1. Which numbered condition in (1) at pLDDT 90 or above; (2) assigned to a loop (DSSP other than H, G, I, E, B) is the only one that residue A:708 fails?
2. I'd like the residue in segment B:80-104 that is among the hydrophobic types (A, V, I, L, M, F, W, C) and farther than 21 Å from residue B:38 by Cα and, out of all such residues, is nearest to the other protein chains (Cβ to nearest Cβ).
3. Quick check on residue A:370: is it surrounded by 17 or more Cβ atoms within 10 Å (Cβ to Cβ) and in a helix (DSSP H, G or I)?
4. Quick check: is even one residue across segment A:570-581 part of a loop (DSSP other than H, G, I, E, B), open to solvent by 20 Å² or more (accessible area, probe 1.4 Å) and either at positive phi or not assigned by TED's automatic domain parsing to the domain that holds residue A:664 (or both)?
5. I'd like the residue in segment A:142-177 that is of a type in the set (D, E, K, R) and at pLDDT 85 or above and, out of all such residues, is surrounded by the most Cβ atoms within 10 Å (Cβ to Cβ).
6. Mind checking whether some residue in segment A:133-141 is surrounded by fewer than 18 Cβ atoms within 10 Å (Cβ to Cβ), at pLDDT below 90 and not in a loop (DSSP other than H, G, I, E, B)?
7. Would you please name the residue that is surrounded by the most Cβ atoms within 10 Å (Cβ to Cβ), looking only at residues in segment A:24-38 that are more than 13 Å from chain B (Cβ to nearest Cβ) and of a type outside the set (D, E, K, R)?
8. Please specify each residue of segment B:59-79 satisfying the condition of being open to solvent by less than 10 Å² (accessible area, probe 1.4 Å) and either closer than 20 Å to residue A:17 by Cβ or within 11 Å of chain A (Cβ to nearest Cβ) (or both).
Amino acid sequence: MSFFWRRKQQELNEEIDAHLRMAERDRLARGENPGRAAQSARRELGNVALIHETTRDQWGWRWLETLLQDFRYACRMLRKSPGFTAVAVLTLALGIGANTAIFSFVDAVLLTSIPVKAPQQLVAFSWSAHAQPKIKGLSDYGDCADQPGIGDCSFSIPFFKTLRAQANAFSGMAAFAGPMDVDLSGNGAASMARGLYVSGDFFSTLGVSTFIGRPLAPSDDLPSAPPVIVLNYSYWARAFAAAPSVIGRTVHLDSTTATIVGVADPRFTNLTPGKPLDFFMPFSVADSVRGEWWGNQDRVSDATERWIVILGRLKDGVSLGQAQATATAIFRNEMIHGVAQFFKPEDAPAITLRPLRSGLNGETSEIAPALYVTMTIVAFILLIACANVAGLTLARSASRQKEMAVRLALGAGRARIARQLLTESLLLSLVGGALGVLLSIWGIDAITALFSSGYYQTFPFVIAPDWRVLTFTIAITFATGVLFGLAPALRGSRVDLTPSLKESASSLPGVASHTGRRFRLGDALVVAQVALSIVVLIGAGLLVRTLRNLHGINPGFDPQNILLFGIDPHLAGYTDAQTQQLYANLQQRFTALPGVISASYSEDALLDGGWSGNDVHLDGAPPKQNVNTATLTVGLDFFSTMRIPLLAGRNFTSADFAAAAATNAANKVRAAAAKSKPAPSASAPAPPTALEEAYFHSAPVPVLINEFFAKKFFANQNPVGLHMGDEQRADSDVQNLGPGYTIIGIVGDTKYPQLRRKIVPIMFLPLMSNEAHFELRTAANPTALVKNVREIVSQAGDNLPLTDVRTQTEQIDQILFQERLMARLSSFFGALALALACIGLYGLLSYEVACRTRELGIRMALGARHRDLLRLVVGQGILLVLIGAAIGIAAAFGVTRFISAMLYDVRANDPLTMLAVAILLILVALLACYIPARRAMKVDPMVALRYE
Amino acid sequence: MKQHYQNRIELLQGTLDLLILQTLQWGAQHGYGISQAIRSRSGDALQVDTGSLYPALHRLEHQKWIKADWKTSGNNQRVRVYQLTAAGKKQLLSERSRWQQISEAIAGILSPAKENET
């Protein structure tokens, strides 16, 4: 209370006191006797306290005063029952904190807008058709979610140029691709940087400016233009220490020298959420800065290379539908009658335009399902928390009926009492909310850590609570406060005076009907909590079983004690022959490391999500009828290193690698020769060159197949030693095929890209020249070797960055990331839900027992045994739990199918999980019932009867 | 106690403010002084209830029609003395004219009956 406030009160005291003195003095002066004078002066003055109060009303702060009064009283009441307060505040804090944290997360990942000028005018292009196009090359950098039918959002640069020239529904167009890992040097040690290819009009169309320097302009995108790049702000700050002098500096991108001309606006980080990038480069450099293995393909002018994403800015007054019609007309014309005829007219190729946010969802489409499930679970928790606190407040308000009746009898207004109760609830929820905000700050960190453990790079989303989340939290807090405060408040003020004032009213069996009516709401709240927590628990049970099932899968190899890391020598400028040399050299040196049992390499590591596939033609099958198999190119000793058993035949030897290399070289020569001969079939066949001769006589590539391959395609024969032909395409010349493959052995089945995928046929080929992941089988903890490995690699070549260093078990955890995350989150919240429901049950029963002390005493006096009382109390609790469980299981049947896509080897309505969860709940609930029941048994009949 | 009130005239709603303002027009005065002044000037017919006086004083003060200062009276008693502000003077004028209208209106209604009686 302020000093000013107190002084004002004192002054009023003094003023009235002075009044009394003067009145007394006047009476004395008039000759009244002293004792009488004082008495009648006081009588004349009247009720001093009332004068005080009505005068204070005039000060205009009455509302504040009563508020403070209510507040102080509420504080006192809450302090008087610390158990109730602690449980209620903690429950609310957990509910609100968890919701705020998750909402912040969802907001940052799914709801933030893309930082460009007038984003509502921007659209992303995607195409669809009834049939697959004749594709030569397709790259997809994960900017849009998979379309259900045929189609995607990858286009060719020539089509983009045609569209830009013809589509008049757009005020601007832009395209981009990537980002790709580029070897960036000239700024200290060589490092990988993520560069996004953009069209020259990218910055102007999006309306993105630069922090310093200039943006890329259309003139930078001309083939003759000198190579220039624009840095992303955070990369500039990180790699160039935010030095303004970078403008005009040159760096090397792979082997191309480029000038830095600008640093982008700090607010513009990336377009597609979850795809961080370091710099922007024009498409004009795509030919020299390749970024990844592209072979000899010409990405800039070949209309069949689809790899860029197109964006358009709608002209004012042009609707999405109009623009879509225009773009479709151009697309149809180009795809059906253009240079490369992708489609027939009946394929109905069409363009769909989507707003930027839904068109470019990228990474979010991966996280979104997990987030939505978590959000639902957490919303359930908030509901349970509210029901819990409502139940507790209700029980408490029932026990305070006498207090309310006394207050009413003393003349308190009903509105005032309602306000008092509401103040208590709001105070509770405010404290809970404040604690919840603190909890959410911690929770955001925890959830970010949880989600980001699934990423190799830094987590692509920045999560921080912002004002919208804060508003949301405050709204929840007050809504809960009013919600659970209002019901008891309304009821509390409707108290019937007389029976409540009678001491014995609440415990007389005669008023049981009154008690019954009161508790129907409390019972309903407990049932609701049990039902909600059953749903959460069943969800958690299903997700945990999914994780267990996945972990229980035998991958077909031994994942313990394997160190994995990637190397891509092409990025460092190695030729194919040098690469092969390098791998052989590295493999030898790794094997020689102490602690390493054996070392090998393969194009993809097993279970890292990536895979390749190919068609082969089985000998004896009709022409042009191929079978599809997964393929994996591997190094020497791959099977022994991974401990994949050899079932028949033999392993690869160095001779196999030499043979494969020869065939590979001949293949390349032939491909080059084919390219220089534009019309191979028109004229009479030219005499074969010496190179072609060499090619035709090159040996089939030796391959191993897995057991599934053998069983599926060679059911009744021993495949070892058999030959398979190259794929026979519809347009390929059957007489002019490559040498094909020879099967030299059969190995055991393994899971290849994912644990969830079924076993498929796999063909293992000798790895020639691609990027590789090394596998080191070690005797002990593989991570201890990382330092030695780095040393060996940097000795072998300066510019060879090591990527994705991890153990095989970490790799498996990695691909099971979402499953682990969901299992962990859902079991945490499941346990929380269970605990809350049991607290609710415990609170209700404890209260009941306290209210029925007298009745229990009478029952005991009349000969009821402890067992009977136990059954009475526990029976009531278990009845509520059973009703709740039944409702919960019924609800779970409807709800769990939404997560069926996340499950593995367990059905969404798995009866075992449901039964297990119900049993768990009943056991825990029994405990919650037992404590109040024991209190009931301890009731001393004499004390209980004498009490009133 | 009841007798005590019998020979008093109940103040009309809103007239207390007018009486207080009018009393202060004659000079600054403390609460007790105001009640005594009203009482003596009305020939003991009007007695201001303390329970109405102080709320009224604080209300008028809150509306800035009067202001208060602490002074020490003749017999060394610290008293809170009220005096009229400029706004209070204006308010007094408007309340007086309003009272004039009301009493004239009431007199107009009552005058024929008065003639009959005499």
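1. Unmet condition: (2).
2. The initial filter retains those residues of segment B:80-104 that are among the hydrophobic types (A, V, I, L, M, F, W, C), namely B:81, B:84, B:86-87, B:92-93, B:99, B:102.
Among the residues that remain, those that are also farther than 21 Å from residue B:38 by Cα are: B:86-87.
Details: B:86: 21, B:87: 17 Å.
By that ranking, first place goes to B:87.
3. yes
4. Looking through segment A:570-581, at least one residue is part of a loop (DSSP other than H, G, I, E, B), open to solvent by 20 Å² or more (accessible area, probe 1.4 Å) and either at positive phi or not assigned by TED's automatic domain parsing to the domain that holds residue A:664 (or both).
5. Filtering first and then ranking leaves A:164.
6. Within segment A:133-141, one or more residues are surrounded by fewer than 18 Cβ atoms within 10 Å (Cβ to Cβ), at pLDDT below 90 and not in a loop (DSSP other than H, G, I, E, B).
7. As a first pass, look at segment A:24-38 and keep what is more than 13 Å from chain B (Cβ to nearest Cβ): A:31-38.
Those still in the list that are of a type outside the set (D, E, K, R) too: A:31, A:33-35, A:37-38.
Working: A:31: 7, A:33: 9, A:34: 10, A:35: 8, A:37: 19, A:38: 17.
That would be A:37.
8. Keep residues of segment B:59-79 that are open to solvent by less than 10 Å² (accessible area, probe 1.4 Å), which gives B:60, B:66, B:79.
Across segment B:59-79, the qualifying residues are B:60, B:79.
The values are calculated or read from the model by the stated rules, or taken from the named source; none is laboratory data. Bear in mind that the values here come from a model prediction, so they are computed numbers and not experimental data. Neighbour counts run over all protein chains shown; Cβ positions are idealised from the backbone, glycine included. Only protein heavy atoms, including side chains, enter the accessible area calculation; ligands, DNA and RNA are left aside. Shrake-Rupley method; radii C 1.70, N 1.55, O 1.52, S 1.80 Å.
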